[in-house]
Every structure is written in structure tokens, then in C-alpha cells.
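Let me begin by presenting the structure, written as C-alpha cells, before commenting on it.
The values are calculated or read from the model by the stated rules, or taken from the named source; none is laboratory data. Model, not experiment: these values are computed from the prediction. Heads up, the Cβs are rebuilt from the backbone with ideal geometry, glycines too, and the neighbour counts pull from every protein chain shown. Areas reflect the complete protein model, heavy atoms only, side chains present, ligands, DNA and RNA absent. Shrake-Rupley method; radii C 1.70, N 1.55, O 1.52, S 1.80 Å.
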Amino acid sequence: MLALAIGVFLLQAQPEDDADLVHTVDAGDTLISIAHAYGVTLDQLLTLNDLHPETLLQIGQRLLVIRAPEFADEVGAADAVAGAAAENEFAVGGNVESGDLPPAPVAEADAPMRDPADISPQLCFAVYLDDNQNGMMEAGEALLQDATIRLLDANAVEEQRYTTGGADEPFCQRLLERKLYMIEGSAPPGFGLTSPARLHIDLRSGGLVNVDFGAKQGLAELPIPPLEPTSGDDERPSEQPRSLLRELSGLFALGLAAVVFFSGMVVSLFIRLR
């Protein structure tokens, strides 16, 4: 049954026009899991696709797994194994013994498994033409040039500045520190943003974050609001007189109550003596 499953898996793989075997990345796929599934080594998979062991895969990405000559041999073997297994399984009184089937291919990983926490933070960004103003980058929406992207730390100190070229985006900034960031986007001249101009980003856990700024020609470019002061020093001078006034009011009320109390005692004593 294991050999049958492997044969069906190979038959359902997606060949290109020249019969190369190509795998389309799905959710949960990793380079090592794909290599194991097809019985190839990690080095072969990396070499065929010009990838690095730390490359982050995207859902829908197509990876070349086996060249056309090797793939033809694999499919022929899969056809034979699947046909023999199906014939033995469904024949009346037929049983398939594990010793009659070839062993499943086993490949050892050429690189150790990497903990996701060890992946360096990466931030990718782009500015696109958002004619429908829905704030989402869709297929067919062109990239824009001459937009400005600023990367700030949590204290609003600028760390990097990037001007889009309209062809090389999304631009990915790697080897960032694990901390909180802010990213600001400014539309090209004559355009206005259709998405928020400033976003807060948490890269303390590593991983990949994609940020896309939409812009449309003819929209007014709204100024980016200034960051609110974090220390609160501007509010303290105005609060101090109010606090002092409240304290004086309380003391005055307490003193007035004491005067009324003692005056009442004096009047009561005077009436009793009479």
C-alpha cells in the first residue's frame, strides 16, 4: 500500500511542457518535506531551483523536483508498481505480502532541521497602483516607482529609507533585529495612498512580514500624523496647577468644617449655662 501511495503521488505531480516534474507549494510544505516526498536529496532540490536552505516558501510557488529523463523513469516504475499492487489487491483470494513490494525510498536530510525561531526576521514591501481603492494588492495591479518607504524603530528613529523603482519590488530587508518597528509609506508625486501610511510591525518572533502600500493617481496625499510623545512631559506643567488647586480646595473645606463644628459646640455650651 505504501508503494501504491508513492506511485499515485508521482502520477499526480504536475509536469511542465518539457515533462519536468514540478511541485506546487501548499500550506505546511517545507524544503525538507518536499525532498522526502519525492525521494530526492535536499541538495538536489536546492540546486535545481537555485535556493538557499533558509529560503521561505510561498504558497503557490512552483519548484522543479526532477528533470524530464529521471521523471520518465520514475513514472514508468510507478505505473508498474501501482498496476501490480492494484491487480493483487482486487483479485479474488489474492493477498499482497509486504515482502512482494519494493521498499519505499528513504532519503536522509543533508541539513539539520531548523527551528522556526532561528529564522531571521524579514520585511518585504512594495507600493502598487490601487485603482479600485480596495487596499489590497491584486493580480494585474502594477508596481509604482518614486515612492518612499521609511523603516523606524519603536521610538520613531529612522533606521532605513528606500525609494521604489517599480520593477524590483517587493523589496525584502533581511537580517533585521528582533524588535518592534514602524513602517511609513509615501506615495509618488501626483498620487495619494489608499492604505494606512504608518503601520506597527512586531518582528520579535522572527519570520516574514509583507507590507503593501496602495496608491491612486489624483488622490490628495494626506500628511502623516506626528507621533504622540511617549514621555508625557508636555502635559505635566498644565496638570500641576490643577492638582495644587484641588489640594487647597480640600484643605479649605476641611478648615470650614472644623470652624462650624467648634462654633456649634460653643453655642450649645452657652445655651446650657443659661
Among what's in the stretch 25-35 and is surrounded by fewer than 18 Cβ atoms within 10 Å (Cβ to Cβ) and in contact (Cβ under 8 Å) with a residue 24 or more places away in the chain, pick the residue that is nearest to the chain's Cα centre (by Cα). 27
Among the listed residues 156, 139, which satisfies the condition of being in a loop (DSSP other than H, G, I, E, B) and free of Cβ contacts under 8 Å to residues at least 60 places away in the same chain? 139
Just one of the numbered conditions (1) on the phi < 0 side of the Ramachandran plot; (2) out of contact with any His (no Cβ under 6 Å at 6 or more places or on another chain); (3) surrounded by 12 or more Cβ atoms within 10 Å (Cβ to Cβ) is not true of residue 220; which one? (3)
Please go through the stretch 159-178 and give me each residue that is open to solvent by 80 Å² or more (accessible area, probe 1.4 Å) and part of a strand (DSSP E or B), ordered by number. 161, 163
Under 6 Å between Cβ atoms, at least 6 apart or on separate chains: pull out the pairs that start in the stretch 184-199 with a residue that is hydroxyl-bearing (Ser, Thr, Tyr) and end on any residue that is part of a loop (DSSP other than H, G, I, E, B) and surrounded by fewer than 18 Cβ atoms within 10 Å (Cβ to Cβ). 194/133; 194/135; 195/135
Scan the stretch 121-141 residue by residue and report those that are within 16 Å of residue 219 (Cβ to Cβ) and surrounded by fewer than 18 Cβ atoms within 10 Å (Cβ to Cβ). 131, 132, 133, 134, 135, 141
